[in-house]
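Visitor: Could you have a look at this structure, given as structure tokens, before my questions?
Throughout, read-outs are computed from the coordinates displayed, never taken from laboratory work. Given the structure is predicted, the values throughout are model-derived calculations rather than measurements. Because the Cβ atoms are built from the backbone with ideal geometry, glycine has one as well, and the counts that use them run over all protein chains shown.
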Amino acid sequence: MVAPSVLALLASLAWSAVAAATTESLRATKAGLRLIKTSPEDGGQWITEEQKIRDYKSKGIGFVDITDITDPEVLAALSAPDSRNGNNTVSAQAVSYPSSVSHQAEANPLVAAVSTTNPKTWLKTLTDFYNRYYRSSYGTQAGTWLFDTIRSVAAANPSITVTQFTHSFNQPSLIAKIPGTTSNLVIVSAHYDSTGGSSTARGPGADDNGSGVVVLLEALRVLAEDGFKPKNTLEFHFYAGEEGGLLGSQAVFSNYKSAGKSVLAVVNQDMAGYSPSGKLSIYTDYVDSALTAYTRIVATAYVGSTTSDTCGYGCSDHASARSNGFPAAYVCDERMDTSSPYIHTPNDAYSTIMWDAVLRHAKFTVAFLVEASYL
Ligand SMILES: [Zn+2]
């Protein structure tokens with residue numbers, strides 16, 4: 001047994017450690033610094049906003065900005081190893097996924113209605129913004145244009161709602177919802193911010209991730225015009241601030257966790273327009289392995305064979321869903337070694353987009369939403 005006085009001493013030491021950490025974080029926050037984490041083991045590093053883009057993002061180092069994360073379960077999940085080989089170390093809502101597709105008769109005509117006509121127009125506008133950096137006025141303007149565009153696409157079905165999810169920075173995340181007969185959520189997601197390598201650089205962000213945005217818009221257009229009535233509620237998430245360390249998605253999923261929302265699937269698409277292989281690439285690290293297997297089944301059935309890869313820590317917004325306890329998968333346009341060489345530079349231009357890849361992702365998205373609406 002430990003003497004009470006020792007316990008008291010230990011408690012006071014623990015308290016002073018907490019107080020010291022709080023003082024340090026207060027000082028750092030006051031100086032405008034942000035706390036980022038680059039691996040499960042990394043306890044965190046205080047850096048400037050500019051360093052995030054220049055020293056990490058531009059060099060391909062993944063990170064999560066954890067400055068505003070206070071939930072101990074989320075912080076623990078962000079420190080857990082990844083989930084490869086079915087080793088789900090982060091507990092997600094338990095969902096049993098089918099081992100085959102079963103709604104082709106309903107999905108096929110909708111998949112056939114997907115085209116690249118509107119995506120080409122939308123992507124031209126998105127890439128014409130000087131950049132879509134989440135802290136720039138251009139990033140805010142892009143958010144306003146995207147909000148208006150989602151509303152105009154959704155207007156074909158008056159039951160669809162479109163909302164802005166605001167953040168501590170100006171660029172909002174945007175959410176379109178097709179209400180189902182249950183409140184269980186099936187979510188497809190893409191971030192819409194971009195960076196060209198610094199806060200002031202030209203950043204057209206065509207592949208990363210204007211392509212994912214127009215894929216979601218096209219899937220929404222097809223389902224809205226059809227008047228599709230799902231069983232599960234379908235949401236289309238367009239995140240702000242991904243390039244700043246998954247900021248928009250962290251805030252959205254933190255809110256969903258607090259609200260106790262039931263989420264059956266989150267399928268994230270970040271880069272959907274550059275694919276020399278001609279195959280969707282379904283990534284396997286920091287995801288839910290059961291949902292990933294189901295995602296591959298749906299993709300294979302509707303758009304053909306897939307490839308696999310891993311992209312590391314803080315790779316994209318699926319990591320935010322996972323760390324908040326929701327099953328997440330990540331569908332990309334290509335394996336890492338043959339992916340677009342232009343991302344995070346001023347050369348991630350409209351002219352580099354391979355439209356067959358955008359078409360493939362949009363068809364997959366419609367098929368996935370129809371199939372998963374019955375989960
Ligand atoms: Zn991206």
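Visitor: What list of ³J(HN,Hα) values in whole Hz, one per residue of region 131-141 in order, does the Karplus curve 6.51 cos²θ - 1.76 cosθ + 1.60 (θ = phi - 60°) give from phi, with Gly and Pro shown as x?
Guide: Ordered by residue, 3J(HN,Hα) equals 8, 10, 4, 5, 10, 9, 5, 5, x, 5, 4 Hz.
Visitor: I'd like the Karplus ³J(HN,Hα) series for region 340-349: coefficients 6.51, -1.76, 1.60, θ = phi - 60°, whole numbers in Hz, and an x wherever there's a Gly or Pro.
Guide: Running phi through 6.51 cos²θ - 1.76 cosθ + 1.60 with θ = phi - 60° gives 3, x, 9, 4, 6, 9, x, 8, 7, 9 Hz.
Visitor: Still on this model: Tell me, what ³J(HN,Hα) does each residue in region 168-177 have, in order and in whole Hz, if you take phi through Karplus 6.51 cos²θ - 1.76 cosθ + 1.60 with θ = phi - 60° and put x for Gly and Pro?
Guide: Whole-Hz 3J(HN,Hα) from phi for region 168-177: 6, 9, 5, 6, x, 7, 10, 9, 9, 10.
Visitor: Then there is this: Students often check this: by mean Cβ neighbours within 10 Å, which of 320-331, 165-176 ranks highest, and how do the rest follow? Don't skip to the end; give the middle numbers.
Guide: Numbers: 320-331: 27.9, 165-176: 19.7.
Result, highest mean Cβ count within 10 Å first: 320-331, 165-176.
Visitor: Computed over the Cα atoms of the chain, what is the convex hull's projected area averaged over all directions, in nm²?
Guide: On the way: hull surface 77.1 nm².
Over all viewing directions, the chain projects a mean Cα-hull area of 19.3 nm².
Visitor: Using modelled amide H (1.01 Å from N, peptide plane; none on Pro or chain starts), what sits under 5 Å from the amide H of F165, excluding residues fewer than 5 places away?
Guide: Residues meeting the amide H criterion: S173, L174, I175.
Visitor: Right, something else. At 7 Å along the Cα-to-beta-carbon direction for both D337 and E73, put a label point, then send me their distance in nm to one decimal.
Guide: Using points 7 Å along Cα→Cβ, the separation is 4.0 nm.
Visitor: Next question. I want the antiparallel fraction of DSSP beta bridges within the chain, as a percent rounded to 5.
Guide: Details: 18 of 37 bridges.
So the antiparallel bridges amount to about 50 percent of the total.
Visitor: Further question on the same structure: Based on the alpha-carbon gyration tensor of region 21-81 and its eigenvalue square roots a ≥ b ≥ c, which shape applies: rounded if a/c is under 1.5, prolate if not and a/b is larger than b/c, or oblate?
Guide: Values: a/c = 2.35, a/b = 1.03, b/c = 2.27.
Oblate shape, in that a/c is at least 1.5 and b/c is the bigger or equal ratio.
Visitor: Here is a follow-up. If you count the DSSP beta bridges with both ends in region 165-297, what percent of them are antiparallel, to the nearest 5?
Guide: Values: 6 of 18 bridges.
Around 35 percent antiparallel, to the nearest 5.
Visitor: Quick check: Cα centre of region 235-281 to Cα centre of region 103-150, how many Å?
Guide: So the two Cα centres are separated by 15 Å.
Visitor: Please determine, in degrees from 0 to 90 and to the nearest 10, the orientation of helix 355-372 with respect to the longest principal axis defined by the Cα atoms of the chain, where the helix direction is its Cα long axis.
Guide: Relative to the chain, helix 355-372 is tipped by roughly 80 degrees.
Visitor: Going by Cβ distance under 4.7 Å, what cysteines of the chain have no possible disulfide partner?
Guide: Result for the chain is C332, no neighbouring Cys Cβ within the cutoff.
Visitor: So which of K261/K363; K177/K261; K30/K52; K231/K261 end up more than 25 Å apart, counting from Cα to Cα? Intermediate values should be presented prior to the final figure.
Guide: On the way: K261/K363 27 Å; K177/K261 14 Å; K30/K52 17 Å; K231/K261 16 Å.
Table pairs above 25 Å Cα-Cα are K261/K363.
Visitor: Please state the relative contact order of the chain as a whole percent: Cα pairs under 8 Å, 6+ residues apart?
Guide: 23 percent
Visitor: Sticking with this structure for a sec: Please list, in chain and number order, the residues 5+ apart from S262 or on another chain whose amide H is under 5 Å from its amide H, with Hs placed from the backbone.
Guide: Amide H to amide H, under 5 Å and 5 or more residues apart or across chains, S262 pairs with L185.
Visitor: Sort region 154-265 into rounded, prolate or oblate with this rule: let a ≥ b ≥ c be the square roots of the eigenvalues of the Cα gyration tensor; rounded if a/c is under 1.5, and if a/c is not under 1.5, prolate when a/b is larger than b/c, oblate otherwise. Don't jump to the answer; show the numbers that get you there.
Guide: Numbers: a/c = 2.48, a/b = 1.48, b/c = 1.68.
It is oblate, given that a/c is not under 1.5 and a/b is not larger than b/c.
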